[in-house]
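K.L.:
Structure in C-alpha cells, see below.
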Amino acid sequence: MAEKPRESQAPRSRSTPGAVPFTGPSRDWDWHDIEARKEGEGRAGTEKVGRVRRAARAFLGGALLGMGLKSRSVGGMAMAFAGGRLIVRGTRGHSLAAGLPGLRKRALTGRGAREEGVVTGGTVMERSITIQKPGHELYREWRVAENLSRVMGHFADVTRTGPDVLHWKVQGPFGRTFEWDSHVVEEQPGEFLRWESLKGAQVPNSGWVRFRPAPGDWGTVVTLRLFFSPPGGTAADAAMKLFGEVPTALAARALRRFKSLVETGEIPTTNPNPAARDGGQSSS
Amino acid sequence: MRALCWNGVNDLRVETVADPAIVNPRDVILKVTMSTTCGSDLHFIDGYIPTMREGDVIGHEFMGEVVDVGRDVKKVKKGDRVVVPSFICCGSCWYCQHDLYSLCDNTNPKAELQEPVFGYPTAGIYGYTHAFGGYAGAHAQYVRVPHADTDCFLVPEGLKDEQVLFLSDAAPTGYMGADFCNIHPGDTVAVWGCGGVGLMAMKSAFLLGASRVIGIDRFPERLELARTRVGAETLNYAEVESVLDLLKELTGGRGPDACIDAVGMEAHGTGVEYAYDRTKQALHLHSDRGEALRQAILACRKGGTLSILGVYGVMDKFPIGAIMNKGLTVRTAQQHGQKYLPRLLEHVKKGELDPSFLATHRFNLEGAPLGYEMFKKKKDGCVRAVFLPN
C-alpha cells in the first residue's frame, strides 16, 4: 500500500522578500496564498498544523454549506459553494498551491517587475486554456479588435484607436471609470503577443498571450498573463478595488470567453433571462 | 408568459415573467408543448443543491414547436416540432466532438461557480441552478434553446408527444447507463430505482442484449411497471431481509454483471447506514445519502460494471475498497443525450421503445406545483407528472 502523500516542503518561488500578503475578499487562489505562506513559515509541526487546519476547514465547510443553503440568496449560494469546496479540501488534505499546473502567481517587487518595465508592486497571474483550433488562426482572431472587445466585455470596452493601439475603458465599482491606451511591444505572429499601457496610464498594466500546440487532437494551449500595477496598496487588493475582480479571475474568464467565441461563434450568456425577479427578466 | 418558478426550499409557484428572446445567433425560441418533472429537480427543491436563486424558472425535460429562429441557425426551422436534451451543447468543442456532450466546454456562462467544486465546469442545463449556467427552464410557455442545430431533434411525423417527451432526459440517461454496462448475451443487469430513468435503463438493457434485468425499489406500483411494461424481475427492498443475499441467490452466487444506480443523493434505505446518512444530511454536515450506491457497489460481481446515473454532490463513506478489490469498472456521466437521440428516435419509430407509460399524471402549467408535490411524494402512483404549458 502506498504511503499517504505528504505536502511538499519545497521552497516556493513566491516567498519573495517584501511580498505583501493579500488580505482582500477571498477567492480560490487567495486561500492557497495564505495557507501556503503559513505552511512555508514553520517547518516544525507543519503536519500537525496541517491536520488541524484540514479538520477546521471541513468543519467550517459544513457550517458554510448549511448556512448558505438556508439563506437561499446569491450570497448564500456563494457561501454554500465555498462551504462545499472547504469540505472537499478539508477531507482531501493538501494545499492546491503546492503543484497547481497552469497557475503561477508571483508578487513582483524585484527583477520580474523590472523585466516588465512597469512600476513595482504589481501582481502577475497566468491562466491557460486549450482550444480546438490551430494557433495561427487563434492568433489572427485575437488580433481582431472587435473580438477582443467581446472577449473582454465582462471587464472592459476595447476599441482600436490606431495601428497596434487599443483603447481600454473599464467601469469600476462605485461608478468610477478607468481608461488607458495599450500598444503592442512584442509580436511573433501565430505564437506570441505582448502589450503595455502607454506612459502616464492611470493604472499601469501589461499583458501577453501565447499560443502553443496542444498534444494529440486537443488543438492549441493559449496562455494569458495580465499584470496590473495600480497606485496605492498591494496590487491584487487595489486591482480588486478598481475592477471588482482579481486579475486571475479576469484572465480565466477572458480565456473562456475567447474559447467559446472562436469555437462556436458566440459567448454563452443568460443576459437577459426570464425569471420572477427584477421585473420578470434577470440580467444574470 | 407564465412559468413555474423556484422561490425557496419547497416553494414552487407559477408566476408571470418576461418572454424569452433570441440572445445569441444560434438560439431558437420554442413554444413548449410538453414538459415533465425529473427526480433530480427534487434535490434543489429540497435544498440539497445550492446556487438556485429566488425566481428561477425550472424544468429541463421538454419538447415544443419552434417559433423564432436566430440568424445563424441553419437546420432548424420555424414550425419544426422538436425534442431537446436537457444539457445545452455547442457541438464544436473537443468534448462534443468526442460524443461527451454533457461535458461541453462552451455553454456554462457561470463556470466559475462550478469549477471550485468539480475541478472543471460542465455544460449548462435548462432550469437547473446557476452552477449549471442559470438558464431559464422549460416549465414555461416558451423557452430559449441555444445552439439549436446541435440540440434540437426533429420529431418524426406520426409520433405522439408522450412518446418522445422522455427522449429529452429519462430515456437517453437510462440508455446511456445501460450502454456503459458493456452488455454481453447472458448478462444480468440490476437497476436501483424504478422511476423514469431506472425504467428506461431497464428497457435499454434489454434492447442492448441483456438476458435478465432486475429492478429494485419499494413502491409496488413502480415495481409493477418494471414487470409489466419492461419485462424485468423485481425486488422490493423494504420487504426482503437482505438485497445483497437475494441478488446473490438470483445470480447463482456470482452477483449481477452490471449494477445501475438510478437513485442519487436522496436515497432511501432501511439500515443503520441510512440513519447515519440522514442525520448527517439533516445537519448539513454532508450533502448526499448514498445507500443505493453503496448497495450497488457491494452487490456487483467481481470484475463487473457499476454505472452511476443518480445525481451526486459530495459524499463520504464511499466504499472504494470494494470497487478496488473487486476490480469493478465504474462508468458515470450526466446524459450525453445528443449522442443517443437519433438511435432512440429510431427505436420509438420501430415500436421497440414507448416511454409514454411514464406519464402517469397530466396538468396544465397552473397545476405544476401540485404536480411536483404528487411526484415528490409518489402520491396516487405518480411516476412522472407531465405539464402542458400552452
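K.L.:
Hey, can you grab everything whose amide H is under 5 Å from the amide H of B:Val263? Only 5+ residues off in sequence or another chain; H modelled, so Pro and N-termini drop out.
P.N.:
B:Leu309, B:Gly310
K.L.:
Between B:His98 and A:Lys199, take the C-beta separation as r, use R0 = 56 Å, and let me know the FRET efficiency to the nearest 0.05. Don't skip to the answer; put the middle values down first.
P.N.:
Working: r = 48 Å, r/R0 = 0.86.
Approximately 0.70, to the nearest 0.05.
K.L.:
Give the B-A buried accessible area in Å², both sides summed, 1.4 Å probe, nearest 100. Don't jump to the answer; show the numbers that get you there.
P.N.:
Values: alone 15880 and 15970 Å², together 27650 Å².
Chains B and A together bury approximately 4200 Å².
K.L.:
Have a look at B:Cys259, B:Cys300, B:Cys93 and tell me which one the Gaussian network model of chain B (Cα, springs below 10 Å) gives the largest fluctuation.
P.N.:
Between B:Cys259, B:Cys300, B:Cys93, it is B:Cys93 that shows the largest mean-square fluctuation.
K.L.:
Right, here's the next one. Take A:Thr177 and B:Asn364, extend 7 Å from each Cα along the Cα→Cβ direction, and tell me the distance between the two endpoints in nm.
P.N.:
5.1 nm
K.L.:
Once label points are set 7 Å from the Cα along Cα→Cβ at both B:Arg343 and B:Glu54, what is their separation, rounded to one decimal in nm?
P.N.:
About 4.7 nm, to one decimal.
K.L.:
If you don't mind, another one. Suppose we compare each residue of the stretch B:35-53 in its chain alone and in the full protein complex with a 1.4 Å probe; which ones drop by at least 30 Å² of accessible area?
P.N.:
Listed by number, the residues meeting the 30 Å² cut-off are B:Pro50, B:Thr51, B:Arg53.
K.L.:
Per residue in the stretch B:67-92, which ones lose no less than 30 Å² of accessible surface when going from chain alone to all protein chains (1.4 Å probe)?
P.N.:
In the stretch B:67-92, residues shielded by partner chains: B:Ser92.
K.L.:
Leaving out ligands and nucleic acids, and using a 1.4 Å probe, what accessible area per residue does the stretch B:222-321 come to in Å²?
P.N.:
Numbers: 4430 Å² over 100 residues.
Roughly 44 Å² per residue, with all protein chains present.
K.L.:
So which of B:Lys31/B:Lys349; B:Lys317/B:Lys339; B:Lys280/B:Lys378; B:Lys75/B:Lys350 end up more than 27 Å apart by C-alpha? Working shown, then result.
P.N.:
Numbers: B:Lys31/B:Lys349 24 Å; B:Lys317/B:Lys339 33 Å; B:Lys280/B:Lys378 24 Å; B:Lys75/B:Lys350 25 Å.
Over 27 Å Cα-Cα: B:Lys317/B:Lys339.
K.L.:
Still on this structure, I have one more. If you filter the stretch A:160-189 for trypsin sites (Lys or Arg not before Pro), then keep DSSP loop positions with at most 16 other Cβ within 10 Å, what is left? Could you put the intermediate results ahead of the total?
P.N.:
Details: sites: A:Arg160, A:Lys169, A:Arg176; in loops: A:Arg176.
Those that pass, being in a loop and sparsely packed, are A:Arg176.
K.L.:
Amide H to amide H under 5 Å from B:Gly304: which residues, 5+ apart in sequence or cross-chain, H placed 1.01 Å off N in plane?
P.N.:
The answer is B:Thr329.
K.L.:
Given the Cα-Cα distance of B:Lys378 and B:Asp11 and 0.36 nm per residue of separation, how much length would full extension add, in nm? Before the final figure, lay out the partial values.
P.N.:
On the way: separation 367, 0.36 × 367 = 132.12 nm, distance 1.79 nm.
Length gained between B:Lys378 and B:Asp11: 130.3 nm.
K.L.:
Enumerate the calculated ³J(HN,Hα) couplings along the stretch A:130-137 in order (Karplus 6.51 cos²θ - 1.76 cosθ + 1.60, θ = phi - 60°), each rounded to whole Hz, writing x wherever the residue is Gly or Pro.
P.N.:
10, 10, 6, 8, x, x, 5, 5
K.L.:
Next question. State the extension gain, in nm to one decimal, for the chain segment bounded by A:Ser284 and A:Asp217, taking 0.36 nm per residue of separation less the distance between their alpha-carbons.
P.N.:
Values: separation 67, 0.36 × 67 = 24.12 nm, distance 3.44 nm.
Value of the extension gain: 20.7 nm.
K.L.:
So if I place +1 on the C-beta of Lys and Arg and -1 on the C-beta of Asp and Glu, and nothing else carries charge, what would the dipole magnitude of chain B be about its Cα centre? I want it in debye, nearest 20. Don't jump to the answer; show the numbers that get you there.
P.N.:
On the way: 41 positive and 47 negative charges, 102 e Å.
Using only the charged Cβ atoms, the result is roughly 480 debye.
K.L.:
At a Förster radius of 22 Å, what calculated FRET efficiency corresponds to the Cβ-Cβ distance of B:Ile320 and B:Ser242, to the nearest 0.05?
P.N.:
After rounding, the FRET efficiency stands at 0.50.
K.L.:
With a 1.4 Å probe and all protein chains left in place, how much of the accessible area of chain B comes from carbon and sulfur atoms, in whole percent?
P.N.:
On the way: 6900 of 13890 Å².
After summing per-atom areas, the C and S share lands at 50 percent.
K.L.:
Could you give the length gained on full extension between B:Ala21 and B:Leu388, defined as 0.36 nm per residue of separation minus the Cα-Cα distance, in nm? Before the final figure, lay out each step's value.
P.N.:
Working: separation 367, 0.36 × 367 = 132.12 nm, distance 2.08 nm.
Working it through step by step, the gained length comes to 130.0 nm.
K.L.:
What are the GluC sites (Glu not before Pro) within the stretch B:149-246 that DSSP puts in a loop, where the Cβ has at most 14 other Cβ atoms within 10 Å? Could you put the intermediate results ahead of the total?
P.N.:
Working: sites: B:Glu157, B:Glu162, B:Glu221, B:Glu224, B:Glu233, B:Glu239, B:Glu241; in loops: B:Glu157, B:Glu239, B:Glu241.
Here the GluC sites (Glu not before Pro) that fit, given the DSSP loop and packing criteria, are B:Glu157, B:Glu239, B:Glu241.
K.L.:
Moving on to the next point. I'd like the trypsin sites (Lys or Arg not before Pro) in the stretch B:130-218 restricted to DSSP loop residues with at most 13 other Cβ atoms within 10 Å, sorted by number.
P.N.:
B:Lys160
K.L.:
Here is a follow-up. 7 Å from Cα along Cα→Cβ at both B:Asn182 and B:Ala282: what's the point-to-point distance in nm?
P.N.:
With each label placed 7 Å out from Cα toward Cβ, I get 4.2 nm.
K.L.:
Where a ≥ b ≥ c are the square roots of the eigenvalues of the C-alpha gyration tensor, would you call the stretch B:69-186 rounded, which needs a/c under 1.5, or, failing that, prolate if a/b is larger than b/c, or oblate? Don't jump to the answer; show the numbers that get you there.
P.N.:
Details: a/c = 1.63, a/b = 1.06, b/c = 1.53.
It is oblate, given that a/c is not under 1.5 and a/b is not larger than b/c.
K.L.:
Over chain B, what is the relative contact order in whole percent, taking alpha-carbon pairs under 8 Å and six or more residues apart?
P.N.:
Numbers: 960 pairs, mean separation 68.8, N = 390.
Rounded, it is 18 percent for chain B.
K.L.:
Then there is this: What number, in percent, do you get for the relative contact order of the stretch B:282-390 if the mean sequence gap of Cα pairs under 8 Å and at least 6 apart is divided by its residue count?
P.N.:
Numbers: 104 pairs, mean separation 21.4, N = 109.
RCO, the stretch B:282-390: 20 percent.
The values are calculated or read from the model by the stated rules, or taken from the named source; none is laboratory data. Quantities reported herein were computed from a predicted structural model and do not represent experimental measurements. No Cβ is skipped: glycine too gets one built from the backbone with ideal geometry, and neighbour counts run over all protein chains shown. These accessible areas exclude ligands, DNA and RNA; they are computed on the full protein's heavy atoms, side chains included. Shrake-Rupley method; radii C 1.70, N 1.55, O 1.52, S 1.80 Å.
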